[in-house]
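Read the structure below first, then the notes.
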Amino acid sequence: MRSLAPGLAVLLLAGCGPNDTDPGPGGVTVGEARALDEAAEMLDEQRLPKEALPPAQDETPAPQPRETPESPPAG
């Protein structure tokens with residue numbers, strides 16, 4: 001009987017979490033937030049392999065704006 005007590009306590013505590021219909025972050029329910037997190041993980045895992053990407057071009061620094069002569073102060 002003593003060996004069942006910790007397992008029973010874990011099961012009882014597992015039922016204390018939020019319901020899927022409880023309000024969650026960003027105006028969605030807890031269940032919707034969980035589904036969005038799972039979808040984001042799936043998209044992150046579907047990255048293209050490096051072989052599928054076009055070869056990288058030489059990274060040249062962006063052109064700097066030209067300095068223009070200052071106009072003489074109005075006087």
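Screening Ala33, Ala39 for residues that are touching a Gly at 6+ places or on another chain (Cβ under 8 Å) and at pLDDT 70 or above leaves exactly one candidate, Ala33. Annotation for the stretch 12-20: no member residue is modelled with pLDDT of 75 or more and either under 17 Å from the mean Cα position of the chain (by Cα) or not in a helix (DSSP H, G or I) (or both).
The values are calculated or read from the model by the stated rules, or taken from the named source; none is laboratory data. Since the structure is predicted, the reported quantities are computational estimates derived from the model, not experimental observations. Every residue, glycine among them, receives a Cβ derived from its backbone with ideal geometry; neighbour counts consider all protein chains shown.
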